[in-house]
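Written out below as structure tokens is the structure these notes cover.
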Amino acid sequence: MTRILIADDYDVVRTGLRAILSGQSGWVVVAEAEDGRQAVDLAVETQPDVAILDCQLPVLNGVDATREIRSCQPRTEVLIFTMQESEPLLRELLEAGARGYLLKSDARQFLIAAVAALAQHKPFFTGGVSETLLTAYLSRGPAGDGALTARERSVVQLIAEGHSNRAAAQILGVSQKTVEGHRAAAMRKAKVNSTAHLVRYAVRTRVVEP
């Protein structure tokens, strides 16, 4: 029996995935989550074989949720299900422990194959993503000085979602001073000087969805 967790903030997406996956012999969807924190909690509770995570989950994004799930449930493989095809994001997700990356535009053709591969602890990346990864690792170039780190992206996401520095610190499990430091670094890299401009930056760069 292959146990699957689905995490996406859109109910229609979760419903569609559940319908497809539940139709496979020996597969069962054991939990559904609306945000990253809920996804981590449910992964600990239900111990799925495969967790399918949207990359832009609210509260705790896909990168941080992946990192926490892989830390507390190392037997759970993570498949990132997203509309984004970004070299820096791919690097962050691989470092966080994700072993699968599926573009939503490729879901009809590759979803079953992706989950089947991860259930056997094999990596899965669609063709376009594989080419992006190959190009990135062959170049071996570090992210540019203006690129946000994974933690800076997490802080920016939470600020853009309306959380205070204190609330963001509680969600991420760090001190408020640490959040303030990451926020300041992100604002410096984004070349903005107000929260409103930082929110616009987050939307423009797809740290959060508009």
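Might you let me know whether the stretch 19-35 holds any residue that is charged (D, E, K, R) and assigned to a helix (DSSP H, G or I)?
No, the stretch 19-35 has no match at all.
What helices (runs of 4 or more DSSP H), lying completely within the stretch 156-209, carry at least 2 residues that are touching a Ser or Thr at 6+ places or on another chain (Cβ under 9 Å) and over 19 Å from A65 (Cβ atoms)?
Per the criteria, 176-190.
Can you spot a residue in the stretch 6-16 that is under 23 Å from L172 (Cβ atoms), buried (at least 19 other Cβ atoms within 10 Å of the Cβ) and without any contact (Cβ under 8 Å) to a residue 60 or more places away in the chain?
yes
Do we have E45 as of a type in the set (D, E) and either in a strand (DSSP E or B) or touching a helix residue (DSSP H, G or I) at 6+ places or on another chain (Cβ under 8 Å) (or both) here?
Here the answer is no, as E45 does not meet what is asked.
I'd like to know if the stretch 48-63 contains one or more residues that are assigned to a loop (DSSP other than H, G, I, E, B), buried (at least 19 other Cβ atoms within 10 Å of the Cβ) and either over 12 Å from the mean Cα position of the chain (by Cα) or among the hydroxyl-bearing types (S, T, Y) (or both).
Yes; the residues of the stretch 48-63 include at least one that is assigned to a loop (DSSP other than H, G, I, E, B), buried (at least 19 other Cβ atoms within 10 Å of the Cβ) and either over 12 Å from the mean Cα position of the chain (by Cα) or among the hydroxyl-bearing types (S, T, Y) (or both).
Only one of these conditions is not met by W27: (1) surrounded by 15 or more Cβ atoms within 10 Å (Cβ to Cβ); (2) within 25 Å of D64 (Cβ to Cβ). Which number is it?
So W27 meets the others, but not (2).
Tell me which of these L118 doesn't satisfy, since it passes every other one: (1) outside the structural domain of A65 (by TED's automatic domain parsing); (2) at pLDDT 90 or above.
All conditions are met except number (1).
I'd like the full set of residues that are in contact (Cβ under 8 Å) with a residue 24 or more places away in the chain and either polar (S, T, N, Q) or at positive phi (or both), limited to the stretch 89-125.
Correct list: G97, H121.
The values are calculated or read from the model by the stated rules, or taken from the named source; none is laboratory data. In this text, all values refer to a predicted model and were calculated from it rather than measured experimentally. A quick note on method: Cβ atoms are made from the backbone with ideal geometry, for glycine too, and the neighbour counts reach across all protein chains shown.
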